[in-house]
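Input: a single structure, listed below in structure tokens.
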Amino acid sequence: MLSAIRGTLGSFVVLTLLGLLIASFALWGIPDLFSNTGGRAVVTIGDQEIDVVEFDRAYGQRLRQMEAQFGQVIDREQAAAIGIPQQVLQQLVSERSFNMHAKELGLRGSNRQVVTTIHEVEAFEGFDGRFDRTAYENQLAQAGVTPGEFETSLRNDLMRRQLVEALVAAKPAPDALAKSLFRYRNESRKATILSVSAQEVGTVDLPTEDELRAAFDVEKGRFMTPAYKVVAVAEISPASVAKPDEVTDEELEEGYAARLAEFQTPELRDVDLVSFGVNDKELAETFVSRIEAGEPFDTVLSDMTDFQPDEIALGDMSHSDIEQDYNTKVADAVFALTEPGLSAPAQSVFGWHIFRVRSITEPVNRPLDQVANILRQEIAEEKALDAVYDVSVEAEEMLARGAGLQEIATNLQLVFEQATVSREGLLQTGGVVQGAISRHLSDVWALEIDEPVMLEPTDDGGFTLMDVTDEIPPQQRPFIEVQDQLRENLIAERQLAKAGEKAEELAQSLRSGEPIATLAETAGADLLETDWITRSGIGRSNQVAPIVGRLMFQMPVGDVAVERAASGDGYVVVRLDDKKPGNPQTDAAEYEALLDSLSTAMLNDALVQYESALRKDYGVEVNTNLLQQVINPQGAL
């Protein structure tokens, strides 16, 4: 509701200043600590005060907003650690300073402005899309605010809005500044690029064994085995001990009856809903008549309602869903259709409704014989839960007596696996670990060798035992094992160096005036003529890599430069062919967006300075001791 109100209050700049003002209308409970505080002020601005009640109300509201945003409870200690109390205090001081100055200037929020703003809030509308007094009062009641309190606060907002909009109207960003910035940001350049791949430079000298060994001595640190741990995992699950053959036919039938909703689904209809007021039967009938006459649904919807097509979709609904939300007659009207189409208007206490059925999903009925095997296994696993629990108790008792993991697994007939494995799941003997160890690799690898055996429950009702019995630090891999990789590395380095030399030769020939197409054909290099690339488009263009794009905007027209290819396996020769500045006239919409953004930034700076001057003129004094009591009531007791 309160976020909808913000939508009626004008521009981004206004909202930047107002911040969470309207959201702070909601009232929250006040701790007993403040029951006898009287009018003690947390902060004084000129001759006005913000007392503990007002501050704690705004502080509580901010915490509720954060909890809703992040989906978790945030206590006062956590909020204080990240500076939320100070933010709330600054917000209140800003609001009060602008209120005081607006009143001095004779600004007021009129009754007409208050009424108009309230009537524009969607949360206060009824089913007919018009302002509804009952909805208005209900929404305020849910927020803990009376209409009088809400309207007084809204009147202050509107007054402050007039002051801020006077600054907004100034449009402080001059055209000269905006145009210069636009020409720079939207400057476009195009280039011709030769690509020299290291894989296509021909043969290079093969490294000798001495060169390989010298490289090995330099790069030994790169050729180490990973750290390994000798880990053991034992597990048991209901599925591993379940005995489906022991499930009786009687148990199977009882299980099927209990899970009937899983195997039988009612007929569903994918529907859209268009609603009119309780007294608008004729409008509903006209809506249907126009569509039946051949007018497009979306056209009629736009003409007769304030809804967009994506706002009326309800999705799949059963007869009982519609009956529960509306009534039986409405549900019958929808399900009377034998194919997708438009229902006849039907009335509920909420108004007149027309449903558009987009598609029909037939009911599903899976008899017992189709699901017997799956159901038998599930029942067997449920029955096995008690047995698994008993085994876990025995395992804990054996651990307490000092039994090892393998002994426990053998005695209790658990699945047991042991392997020497790296953090990444690589086996010391080669290959990748599988099975139980793979499922619990991160947990078991987090254990240290001197830690006791860990017993952890699993999501399926089973449990897992994990242990680390040894650790093997990284070891130096022998030369003979890595010589092939060393040889490949040295060959790749020589090919890359040769590609760099070839690229420099091509660049020099290009600077000497030789045609670039001829050079590309002779050298067997790939040739690319780019389209216009803007400075702001570097990194977003698929034509050239960001490193090449940045290079293009560092070069004068006609210059030639060599750069390492973004892939690392070659070089590129870049010749800048042309450039042109951004044109505010041909890109008018983009220029206006930049002008608005620049104006907003400058206005925000002006507002900050304006507020700073108000604080200096009025004088702001904070009662830090009282503020700490509000922030941390327990610490103040």
Given (1) over 28 Å from THR44 (Cα atoms); (2) open to solvent by less than 20 Å² (accessible area, probe 1.4 Å); (3) not basic (Lys, Arg), index of the condition GLY109 fails = (1)
Can you tell me which residues in region 596-630 are at pLDDT below 85 and touching an Asp or Glu at 6+ places or on another chain (Cβ under 9 Å)?
-> VAL630
The one condition in (1) surrounded by 15 or more Cβ atoms within 10 Å (Cβ to Cβ); (2) within 23 Å of the chain's Cα centre (by Cα); (3) at pLDDT 50 or above; (4) not in a helix (DSSP H, G or I) that LEU20 fails to fulfil = (3)
Residues that are part of a helix (DSSP H, G or I), of a type outside the set (Val, Ile, Thr) and open to solvent by 60 Å² or more (accessible area, probe 1.4 Å), drawn from region 284-311 = GLU285, SER289, GLU292, ASP298, SER302, ASP303, ASP310, GLU311
Filtered residues of region 514-538 (kept if touching a residue at least 60 places away in the same chain (Cβ under 8 Å) and assigned to a helix (DSSP H, G or I)) = ILE516, LEU519, ALA520, ALA523, ARG535, SER536
Any idea which residue in region 426-450 is nearest to the chain's Cα centre (by Cα), counting only those that are surrounded by fewer than 12 Cβ atoms within 10 Å (Cβ to Cβ) and hydroxyl-bearing (Ser, Thr, Tyr)?
-> SER442
Can you tell me which of GLU49, GLU120 is modelled with pLDDT of 85 or more, under 31 Å from the mean Cα position of the chain (by Cα) and either open to solvent by 30 Å² or more (accessible area, probe 1.4 Å) or within 30 Å of LEU273 (Cβ to Cβ) (or both)?
-> GLU120
Does region 546-577 hold any residues that are at pLDDT below 90 and among the aliphatic types (A, V, I, L, M), and which are they?
-> ALA566
Being crowded, with 17+ Cβ neighbours inside 10 Å and more than 23 Å from SER153 (Cβ to Cβ) is the filter here, so list the residues in region 58-78 that pass it.
-> ILE74, ARG76
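One residue is enough: does region 185-196 have a residue meeting the conditions under 30 Å from VAL608 (Cβ atoms) and of a type outside the set (Gly, Ala, Ser)? Spell out the reasoning first.
At the first step, the residues of region 185-196 found to be under 30 Å from VAL608 (Cβ atoms) are 185-186.
Applying the additional criterion that residues be of a type outside the set (Gly, Ala, Ser) yields 185-186.
Yes, region 185-196 contains a residue that is under 30 Å from VAL608 (Cβ atoms) and of a type outside the set (Gly, Ala, Ser).
Return the residues of region 493-503 that are open to solvent by 80 Å² or more (accessible area, probe 1.4 Å) and in contact (Cβ under 8 Å) with a residue 24 or more places away in the chain; say none if nothing qualifies. Break it down into steps so the answer makes sense when it comes.
Kept after step one, since they are open to solvent by 80 Å² or more (accessible area, probe 1.4 Å), are these residues of region 493-503: 493, 501.
Of everything in region 493-503, nothing turns out to be open to solvent by 80 Å² or more (accessible area, probe 1.4 Å) and in contact (Cβ under 8 Å) with a residue 24 or more places away in the chain.
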Output the residues belonging to region 312-326 that are more than 25 Å from THR299 (Cβ to Cβ) and either aromatic (Phe, Trp, Tyr) or in a loop (DSSP other than H, G, I, E, B) (or both).
-> SER318, TYR326
Looking at (1) closer than 30 Å to VAL391 by Cβ; (2) touching an Asp or Glu at 6+ places or on another chain (Cβ under 6 Å), which is the only condition ARG535 fails?
-> (1)
Selection count where residues are open to solvent by less than 40 Å² (accessible area, probe 1.4 Å) and more than 16 Å from HIS119 (Cα to Cα), scope region 135-152 | 3
When only residues in region 511-520 that are under 49 Å from the mean Cα position of the chain (by Cα) and open to solvent by less than 40 Å² (accessible area, probe 1.4 Å) count, which is farthest from VAL557 (Cα to Cα)?
-> ALA520
Odd one out for LEU314, checked against (1) of a type in the set (A, V, I, L, M, F, W, C); (2) in contact (Cβ under 8 Å) with a residue 60 or more places away in the chain; (3) open to solvent by 50 Å² or more (accessible area, probe 1.4 Å) = (2)
When you look at THR464, is it among the hydroxyl-bearing types (Ser, Thr, Tyr) and open to solvent by 30 Å² or more (accessible area, probe 1.4 Å), yes or no?
-> no
Name the residues in region 236-283 that are part of a strand (DSSP E or B) and open to solvent by 30 Å² or more (accessible area, probe 1.4 Å), would you?
-> GLN264, THR265, LEU268, ASP270
Would it be correct to say that ILE480 is open to solvent by less than 30 Å² (accessible area, probe 1.4 Å) and assigned to a helix (DSSP H, G or I)?
-> no
By my count, helices (runs of 4 or more DSSP H) wholly in region 327-425 with at least 2 residues that are polar (S, T, N, Q) and open to solvent by less than 90 Å² (accessible area, probe 1.4 Å) are 368-400
Entirely in region 539-632, the strands (runs of 3 or more DSSP E) that have 2 or more residues that are surrounded by fewer than 18 Cβ atoms within 10 Å (Cβ to Cβ), among the acidic types (Asp, Glu) and in contact with a Lys or Arg (Cβ under 9 Å, 6 or more places away or on another chain) = 570-580
In the list LEU490, LEU506, LEU486, which residue meets the criterion of being farther than 30 Å from VAL218 by Cα and surrounded by 15 or more Cβ atoms within 10 Å (Cβ to Cβ)?
-> LEU506
Could you look through region 157-194, keep only residues that are surrounded by fewer than 20 Cβ atoms within 10 Å (Cβ to Cβ) and polar (S, T, N, Q), and pick out the one that is farthest from THR530 (Cα to Cα)?
-> GLN162
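The values are calculated or read from the model by the stated rules, or taken from the named source; none is laboratory data. Bear in mind that the values here come from a model prediction, so they are computed numbers and not experimental data. Neighbour counts run over all protein chains shown; Cβ positions are idealised from the backbone, glycine included. Only protein heavy atoms, including side chains, enter the accessible area calculation; ligands, DNA and RNA are left aside. Shrake-Rupley method; radii C 1.70, N 1.55, O 1.52, S 1.80 Å.
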